[in-house]
Structures are given as C-alpha cells and as structure tokens.
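Encoded as structure tokens, the structure appears first; notes follow it.
The values are calculated or read from the model by the stated rules, or taken from the named source; none is laboratory data. Keep in mind that this is a model prediction, so the values were computed, not measured. Every residue, glycine as well, gets a Cβ built from its backbone with ideal geometry; the counts of neighbours run over all protein chains shown. SASA here: full protein model, heavy atoms, side chains in, ligands and nucleic acids out. Shrake-Rupley method; radii C 1.70, N 1.55, O 1.52, S 1.80 Å.
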Amino acid sequence: MLLCLTGCGDGETYKAYTYSVETGDSIDIQMDTTGGYDITSEVPFAISLDGETLSQGMFIAGENYEQYVAVANTDKAATVLDSGSYNGNEYVFWSYNDSEYNIAVKIEGSKTGLLLGNVVSEESARECFERLTITVK
C-alpha cells in the first residue's frame, strides 16, 4: 500500500491509498479529509470523522456487484435510495431495515467492486461516499 498526502491552496486536504486486492487489481482510493475526516489503510478500511468511525469499506469481486444490486432490489427489508454513476463508477445505494446504509460500487475498468457500510445515517453514508475518488491503477 502506498500513502500519499496532498493539500490544496484552498484548505482542502486529501489522503490516498493504493490497495492490492484479491482480484489482481490495484485500486486507488483518494479521500477528501477536509473537516476532520480520515480513512485507514487496512482492509477492510474505515472512514471516520473526528475519531468516530462512520463507514467501513471492503473490496468485492466485480461479478458480486450484481448480486448486491439484486438483493437491494428484491429484499423486502431493503429500500434503494439512489443508483447511477459517480466519478465514472456504477453504484447502488440502499438502506436495510432503515438502520444500515450500504453502497455497492462497480469500479470502472477493473474486476473489482467496493462495498461501503454505514450504521450512522443516510446522510453520513452519502457524505463518506461522495468524499471518495475510486480508480483502477
């Protein structure tokens, strides 16, 4: 894993890691850490705000992405909140029992997906996701 910290003149800060995943891909994740957010380098990784864990992420095989989409669309306890493309990656965002908020991402140009889970709130899950830039190396 490679750690790279960068900053911009307007006060924004970023942290980036490159993960070597079981699919054979190298996946870069850059996170906007402005305002007290942080991301760990371990897998599964954690996203936190001021030391409190908000979301956890793990890599999945790309073909498993469709299975998560199917569950989000068919499980009676699941409610799809959003889906589409973000930063070039296909995703689906759903709640489970209105207490767990999940986002499955199909990483463009790779054999890898990403699953983010958050038990804080829909807004927290969305904020964590939107702070990420996910690319294949």
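Please work out whether the chain counts as rounded, prolate or oblate from its C-alpha gyration tensor, where a ≥ b ≥ c are the square roots of the eigenvalues and a/c under 1.5 means rounded, while otherwise a/b larger than b/c means prolate and anything else oblate? Don't skip to the end; give the middle numbers.
Details: a/c = 1.94, a/b = 1.27, b/c = 1.52.
It is oblate, given that a/c is not under 1.5 and a/b is not larger than b/c.
To the nearest 20 Debye, how big is the dipole of segment 21-97 about its Cα centre, given +1 on the beta carbon of each Lys and Arg and -1 on that of each Asp and Glu?
Using Cβ point charges on Lys, Arg, Asp and Glu, segment 21-97 gives about 280 debye.
Run the numbers for SER20 and THR40: contour at 0.36 nm per residue of separation, minus the present Cα-Cα distance, in nm.
5.7 nm
Quick one: putting +1 on the C-beta of Lys and Arg, -1 on the C-beta of Asp and Glu, what dipole do you get for the chain around its Cα centre, in Debye to the nearest 20? Don't skip to the end; give the middle numbers.
Details: 7 positive and 22 negative charges, 66 e Å.
Dipole about the Cα centre, nearest 20: 320 debye.
Leaving ligands, DNA and RNA out of it, report the carbon-plus-sulfur percent of the accessible area of the chain at a 1.4 Å probe.
48
At a Cα cut-off below 16 Å, give the lysines reachable from LYS111, other chains included and same-chain residues fewer than 8 away excluded.
Excluding near neighbours in sequence, the set is LYS137.
If you stretched the chain out fully between THR133 and ASP50, how much longer would it get, using 0.36 nm times the residue separation minus the C-alpha to C-alpha distance? All intermediate terms of the calculation are to be shown ahead of the outcome.
Values: separation 83, 0.36 × 83 = 29.88 nm, distance 2.06 nm.
My answer for the length gained is 27.8 nm.
Roughly how many Å is it from the Cα centre of segment 18-77 to that of segment 89-111, as a whole number?
Rounded to whole Å, the Cα centres lie 9 Å apart.
Suppose all protein chains stay in the model; what accessible area per residue would a 1.4 Å probe give for the chain, in Å²?
Counting only protein heavy atoms, the per-residue value for the chain is 52 Å².
Where in segment 23-124 are there GluC sites (Glu not before Pro) that are in a DSSP coil and have at most 16 other Cβ atoms within 10 angstrom of their Cβ?
GLU42, GLU108
So what's the angle, to the nearest 10 degrees on a 0 to 90 scale, between helix 65-74 and the longest Cα principal axis of the chain?
For helix 65-74, the angle is close to 50 degrees.
Ranked from the most accessible area to the least, with a 1.4 Å probe and all protein chains present, what is the order of SER124, SER99, SER20?
Heavy-atom accessible area, descending, gives SER20, SER99, SER124.
For segment 22-137, with the dipole built from +1 on Lys and Arg beta-carbon atoms and -1 on Asp and Glu ones, taken about the Cα centre, which of LEU54, VAL80, GLN67 lies farthest toward the positive end?
GLN67
Divide by every residue of the chain the summed helix terms, -39500 (n - 2.57) for each DSSP H run of at least 4, and state the resulting mean residue ellipticity at 222 nm, rounded to the nearest 500 deg cm²/dmol. Walk me through the numbers before you get to the answer.
Working: 2 runs with 19 residues, N = 137.
-4000 deg cm²/dmol, from helical runs alone.
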